[in-house]
Structure formats: structure tokens, C-alpha cells
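Structure record follows, encoded as C-alpha cells.
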Amino acid sequence: MKILMVLTSHNQLGNTGRPTGFWLEEFAAPYFVFRDAGVELTLASPKGGQPPLDPKSDLPENQTPAMTRFKKDAAAQKALANTVKLADMKAEDFDTVFYPGGHGPMWDLAESPTSIALLEAFYNSGKPIALVCHSPGVLRHVTYQGAPLVKGKHVAGFTNGEEEAMQLTKVVPFLVEDELLRLGAIFEKKANWEPFSITDGRLITGQNPASSTSAAQALLKLMTASKSEPSITSVQIGQKSYQMPPREGISIAHFLTVADMDRSARFYEKVFDGRILSRGDSSGAPVYLQIENTWLLVNVGGGPTPDKPTVTLSVPDPDHINSFMNIRVADIEACYKLWKSRGAEFITPPIPKYGEIRCYIRDPDGYIIEVGQSTDLTYG
């Protein structure tokens with residue numbers, strides 16, 4: 001796994017004449033989380049070389065185990081002193097990106113066309129991004145499909161209360177909390193200085209320096225989820241096993257006709273973490289998505305609507321194909337809470353049915369989606 005860490009090059013705290021830069025804990029803690037996991041790390045900054053350290057972050061009262069470890073680690077110190085230039089970095093060369101905070105990013109990275117384009121490239125290619133403390137403010141000009149990337153997403157970041165405690169509300173160019181709210185984000189927070197990070201789809205954000213470890217761990221978990229979390233990866237039929245998605249043999253896909261392909265693509269991406277493989281075009285090409293082990297092909301053509309749903313659950317006719325969206329999960333209660341928070345319209349909460357737990361969702365065009373607790377499947 002290859003992770004890019006992006007640090008600030010800005011060293012002046014507004015017009016105060018005081019120095020600023022990156023916050024040491026927000027670099028050191030994630031750095032060792034990633035390095036201990038065997039990740040290949042690249043450190044970058046707008047100017048390259050040694051990023052400026054906010055001296056307040058290294059005061060005696062702010063010391064942490066990660067910072068102590070950093071000061072004894074020559075390799076880590078050398079890596080930090082020799083960051084590469086951000087303009088030379090490309091999203092296709094990495095699996096994900098992590099932005100440590102400090103006040104510095106609010107001046108340079110938040111307004112940097114290079115940083116903005118890089119974050120959009122990561123996100124548009126289906127890769128997750130993570131930012132902690134002041135760095136979620138770097139997303140203020142980052143867009144996705146023509147709208148602010150954070151619009152409608154659950155996010156965390158340095159709070160107004162924490163900035164007030166630092167006595168810098170009149171110094172910083174903007175307040176992270178206010179800016180994210182202005183952009184339409186759903187801002188969540190805990191008490192000042194309490195660790196808190198949140199994952200919404202492919203966006204991970206942390207509230208403050210104490211949240212840098214959990215944000216880094218959440219990013220690793222998201223990157224390795226397909227390997228570490230239980231899921232159905234194959235179907236056994238007789239003596240043969242078929243991979244899902246299959247490498248050979250059978251193939252499973254759902255076909256939907258919808259009123260607005262782009263809207264439906266956004267819905268399945270946001271609610272179910274779907275991976276958009278193709279966005280379709282005006283010539284009639286469909287949208288292709290992958291949701292875990294299922295392919296979804298979305299064509300424009302009307303389909304049912306929420307006020308006049310024509311797709312209903314019924315006993316299948318053996319002489320005809322009868323299909324609706326079906327998703328199997330490892331923890332249905334956790335999925336129910338997550339997807340509901342992302343705007344899914346549930347027809348029922350998880351309920352016992354046919355020997356397992358199921359719930360039902362209606363998508364923006366009225367299609368029924370059945371979600372069931374995953375089990376091992378054997379046929380024949």
C-alpha cells in the first residue's frame with residue numbers, strides 16, 4: 001500500500017509576526033500508524049524540504065508518545081526533512097492521501113490549485129482521502145460532480161470552541177467549523193480536545209490533534225476492509241467455487257432504468273460506498289457501479305418513482321426473470337444505522353424473515369433493495 005502525506009509549507013501566523021506550521025502530533029502519530037503497518041510512505045509539501053513546525057506543538061505540555069518516538073527515530077526525521085514537492089505528485093501513484101493539520105494549511109494548502117486538483121483526482125478515481133484538525137478546511141474549494149465535496153457528508157474538524165480556546169478566531173483566515181457548515185457539510189464534534197474522527201464513504205476527517213491516531217487507523221481500516229472484514233467472496237455450487245465478482249463461470253448484475261443516471265450514481269456511491277466505474281454518456285452508455293460483489297448497470301429510462309412505485313416484492317414467476325436489488329452484509333444493524341444516516345429511505349428496519357435478519361430500502365426511483373445478514377452459501 002502506498003500513502004501520500006501532505007504537509008504545509010506556510011510558517012507565518014497571519015499578521016501576528018508569530019510562527020506557525022504543521023502540528024507535530026498530527027504528523028508523528030499517523031506516520032507511525034502507517035509505518036508500523038508496512039505502508040510505503042511519501043511525504044510532500046508545496047515547497048518541498050523541511051516543513052515548518054508550529055513551535056507550540058512541541059511545548060512540554062503537548063508531548064505525546066508518538067512525538068517522543070519521532071525524536072528518537074533518525075529515519076523519520078530524515079524523511080520529514082526531505083519532503084518532495086507537491087506539484088510533482090500524482091494521485092495515480094498512490095492508494096490514498098493523508099493531510100496532517102496545524103494552522104499552516106489554512107493559508108497555503110486551502111488555496112493551492114495543486115492541492116485542490118490532487119484531492120479531486122484522488123476522490124474522482126474512487127480513492128479515499130483523510131484530513132485531520134485544521135486540514136479538513138483544505139477542502140473548502142474541493143468539488144465533486146460540480147458541488148462541494150463535503151456537501152451532505154458527515155465531517156469533523158477543528159471546532160470554533162477549540163479555536164476560541166487558542167485565541168485565534170480573529171487571526172485565522174476562516175473558521176474550519178463555520179466553513180464546512182457553509183459548504184453544506186453535516187458537522188459533528190465532541191468536547192474540546194476530545195479525540196473524534198468520522199468516516200463517511202471515502203472521506204475521513206478528525207477533529208483535533210488527539211484525533212490524528214484514530215483518523216489514521218480509520219484510513220487503514222477502510223483501505224484493508226475487503227481483506228479483514230467478513231464477507232461472502234465466493235459461492236460453492238456442487239464441487240466448484242465461483243468468485244464474486246467472478247473470474248470465470250457465472251456473473252451477477254442488476255439492471256435499473258432510472259430518471260436521472262447521475263443522481264442514482266451519487267445515491268449508490270454515497271449510501272452504499274459504491275464504486276463508480278463509468279458515468280455513462282449522452283449517447284446512451286449506462287452507468288456502471290460495483291457495490292461489494294455485485295455489478296449495477298444504470299440506464300436512463302424513467303423507471304418507478306417514489307410516488308408511483310411499480311417495482312414491488314412478489315412471489316417470483318418461474319417462467320419469467322424476477323429480480324430486485326439484493327445486498328448481503330456481515331452486520332446488518334451497523335449497516336442500517338450507517339445507511340440511514342446517509343439518507344437511505346428504509347421501508348422496514350432489520351426484522352427476522354426466512355430464518356435470517358432482513359430490511360428493505362427504497363432508492364430515489366422507487367426500486368426495492370433487500371439487505372440481509374450474510375451467511376455462508378452452499379448449493380447442490
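A few notes on this one:
- Meets criteria (in a strand (DSSP E or B), more than 15 Å from the chain's Cα centre (by Cα) and either aliphatic (A, V, I, L, M) or surrounded by fewer than 20 Cβ atoms within 10 Å (Cβ to Cβ) (or both)) for VAL97: no
- Filter result (open to solvent by 40 Å² or more (accessible area, probe 1.4 Å) and either modelled with pLDDT of 80 or more or part of a strand (DSSP E or B) (or both)) within segment 316-335: ASN326, ARG328, ASP331, GLU333, ALA334
- Checking each residue in segment 179-192 for being under 18 Å from GLU26 (Cα atoms) and in contact with a helix residue (DSSP H, G or I) (Cβ under 6 Å, 6 or more places away or on another chain) picks out only ASN192.
- Among the conditions (1) under 17 Å from GLY206 (Cβ atoms); (2) free of Cβ contacts under 8 Å to residues at least 60 places away in the same chain; (3) of a type in the set (A, V, I, L, M, F, W, C), the only one that ALA76 does not satisfy is (1).
- Top-ranked residue of segment 114-129 - restricted to ones that are farther than 11 Å from LEU203 by Cβ and among the β-branched types (Val, Ile, Thr), ranked as surrounded by the most Cβ atoms within 10 Å (Cβ to Cβ): ILE116
- Among the residues of segment 138-193, those that are in a strand (DSSP E or B) and open to solvent by less than 50 Å² (accessible area, probe 1.4 Å) comprise TYR144, ALA147, PRO148, HIS154, VAL155, PHE187.
- On the stretch given as segment 177-222, residues that are in contact with a Leu (Cβ under 8 Å, 6 or more places away or on another chain) and β-branched (Val, Ile, Thr) total 3.
- ALA91 satisfies every condition listed in (1) more than 19 Å from PRO173 (Cβ to Cβ); (2) small (Gly, Ala, Ser); (3) open to solvent by 10 Å² or more (accessible area, probe 1.4 Å) except (3).
- Among (1) modelled with pLDDT of 95 or more; (2) over 21 Å from ILE3 (Cβ atoms); (3) open to solvent by 20 Å² or more (accessible area, probe 1.4 Å) - the single one THR213 does not satisfy: (2)
- Cβ-Cβ under 8 Å pairs, at least 6 apart or on other chains, segment 155-166 side among the polar types (S, T, N, Q), far side open to solvent by less than 10 Å² (accessible area, probe 1.4 Å): THR159/VAL176; THR159/GLN207; THR159/ASN208
- Residue within segment 71-81 that is polar (S, T, N, Q), crowded, with 16+ Cβ neighbours inside 10 Å and either touching a helix residue (DSSP H, G or I) at 6+ places or on another chain (Cβ under 9 Å) or part of a strand (DSSP E or B) (or both) present: no
The values are calculated or read from the model by the stated rules, or taken from the named source; none is laboratory data. What you see is a predicted model; the values in this text were computed from it and never measured. A quick note on method: Cβ atoms are made from the backbone with ideal geometry, for glycine too, and the neighbour counts reach across all protein chains shown. With ligands, DNA and RNA removed, areas are computed over all heavy atoms of the protein, side chains included. Shrake-Rupley method; radii C 1.70, N 1.55, O 1.52, S 1.80 Å.
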